[in-house]
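Q: Before we start, here is the structure in question, set down as structure tokens.
The values are calculated or read from the model by the stated rules, or taken from the named source; none is laboratory data. If you're wondering where the values come from, they're calculated on a predicted model, not measured in any experiment. Every residue, glycine among them, receives a Cβ derived from its backbone with ideal geometry; neighbour counts consider all protein chains shown.
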Amino acid sequence: MARTRCYRGGVLTDEDFPVAEVAEHLDKDPTAVVWIDLCSPDAQELQLVADELGLHELAVEDAMTERQRPKLDRYAGHDFLTAYSVKLDLDSGELGSAEIAAFITAKALVTVRKDDGFPLEGLVAHWDQAPAVTRHGVAGLLHGLLDFVVDGHFDAVQSLDEEIEQLEDLLFKDGAHDKLVQPRSFELRKSLVKLRRVVLPMREVVNTLMRRDIDLVPEEMVPYYQDVYDHVLRASEWTESLRDLVTTILETNLTIQGNRLNVITKKVTSWAAIIAVPTAVTGFYGQNVPYPGFSHQSGFLTSTVVMVVGSVGLYLGFRHKDWI
């Protein structure tokens, strides 16, 4: 079922009325604007709204197609917007997204959601908390939608930043954390790439809306849209810097692994050199030919002293060089 609302002078006057009564509500008051929301509509339901508001067939087709790029298309009599809300799963590091399309006319805002993933109640609460903005009609409702979506982008970037900081701290902790750092880094990088795809195009969307030749945003609403544009820029720049940071973490992790391997190799080699001393001495004294001290206690004592002195000397030398 479609969800509907009617605003007059920024005040909510009617709600959840049939789509067929949209024209009736708009005709009653020239200041009235309506919002219509459709969740996973079929072609017949969407066509009913399209016929009621005179929506272009290409825009209707895009609204029915999933995985559209965030964009703003202009048609005669209305505009078409596509955007994505995002939410980060802190446990897995996976970024979830929900697509929303919007038809923007002079008197109506029609949102089309592909599924229930978009937090619609949050958007409605956002509108209800800003009556000073909604009184500007469709431009106010559209601002609320964009502001809500971009705030979600900003929250996701901030959460990713905190997760990456924890990952940085984990890099230099004692003990092996490769099994955690490596998959976590790739998951966060994957989420950043996904976030970048929905954040970067929003700069063009909001910038186009603010163009004076379009005349979609009233002069008094320009500062509000400028604020949204500022948030979009900050989120996109932050996303770019975090993506570079994750790449640096991956490279640093590989470097740390290489350094640890070098240290282990150095220690193993040092102990092998120490063990080689008694091996060489016992091998020499194990010759099956006469030599000084052969078959005498002095030969045993001499070989023992050589092994102990040689091993201890190498151990002290390696410890002095911090090889062990």
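Q: Any idea which of (1) among the polar types (S, T, N, Q); (2) touching a residue at least 60 places away in the same chain (Cβ under 8 Å); (3) surrounded by fewer than 19 Cβ atoms within 10 Å (Cβ to Cβ); (4) closer than 30 Å to E251 by Cβ is the one T208 doesn't satisfy?
A: If we test T208 against (1) among the polar types (S, T, N, Q); (2) touching a residue at least 60 places away in the same chain (Cβ under 8 Å); (3) surrounded by fewer than 19 Cβ atoms within 10 Å (Cβ to Cβ); (4) closer than 30 Å to E251 by Cβ, just (4) comes out false.
Q: Scan the range 70-91 and give yes if some residue there is part of a strand (DSSP E or B), modelled with pLDDT of 90 or more and over 20 Å from L142 (Cβ atoms), otherwise no.
A: yes
Q: Next question, about the same structure. Taking the range 1-22, which residues are of a type in the set (V, I, T) and free of Cβ contacts under 8 Å to residues at least 40 places away in the same chain? Before you say what the answer is, go through the steps one by one.
A: Residues of the range 1-22 that are of a type in the set (V, I, T), as a first pass: 4, 11, 13, 19, 22.
Answer for the range 1-22, where residues must be of a type in the set (V, I, T) and free of Cβ contacts under 8 Å to residues at least 40 places away in the same chain: T4, T13, V19.
Q: Look at G175 and say whether it is at pLDDT 85 or above and either on the phi > 0 side of the Ramachandran plot or not assigned by TED's automatic domain parsing to the domain that holds V34 (or both). Give the derivation first.
A: Working: at pLDDT 85 or above: no; either on the phi > 0 side of the Ramachandran plot or not assigned by TED's automatic domain parsing to the domain that holds V34 (or both): yes.
No; evaluated as a whole, the condition is false for this residue.
Residues checked against (1) crowded, with 17+ Cβ neighbours inside 10 Å; (2) of a type outside the set (G, A, S):
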site	(1), (2)
A102	yes, no
T105	yes, yes
R113	yes, yes
V124	yes, yes
A132	no, no
H136	yes, yes
A139	yes, no
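Q: Just to verify a result, which residue in the range 214-226, among those that are in contact (Cβ under 8 Å) with a residue 40 or more places away in the chain and in a helix (DSSP H, G or I), is farthest from the chain's Cα centre (by Cα)?
A: Ranking the qualifying residues of the range 214-226, first place goes to E220.
Q: If A132 meets every condition in (1) among the hydrophobic types (A, V, I, L, M, F, W, C); (2) farther than 24 Å from D89 by Cβ; (3) in contact with a Lys or Arg (Cβ under 6 Å, 6 or more places away or on another chain) apart from one, which number is that one?
A: (3)
Q: Now for a different question. Show me the strands (runs of 3 or more DSSP E) entirely contained within the range 1-63 in which 1 or more residues are crowded, with 18+ Cβ neighbours inside 10 Å and in contact with a strand residue (DSSP E or B) (Cβ under 6 Å, 6 or more places away or on another chain).
A: Details: elements: 3-8, 11-15, 32-39.
Filter on the range 1-63 gives 3-8, 32-39.
Q: Further question on the same structure: Among the listed residues T248, T252, T265, T279, identify the single one that is touching a residue at least 12 places away in the same chain (Cβ under 8 Å) and of a type in the set (S, T, Y).
A: T252
Q: Taking the condition of being of a type in the set (A, V, I, L, M) and in contact with a Lys or Arg (Cβ under 6 Å, 6 or more places away or on another chain), how many residues in the range 222-266 meet it? I'd like the intermediate steps shown before the answer.
A: From the range 222-266, those of a type in the set (A, V, I, L, M) are 222, 228, 232-233, 235, 242, 245-246, 249-250, 254, 256, 261, 263-264; that's our starting set.
Applying the additional criterion that residues be in contact with a Lys or Arg (Cβ under 6 Å, 6 or more places away or on another chain) yields 232, 246.
Total meeting the criteria: 2.
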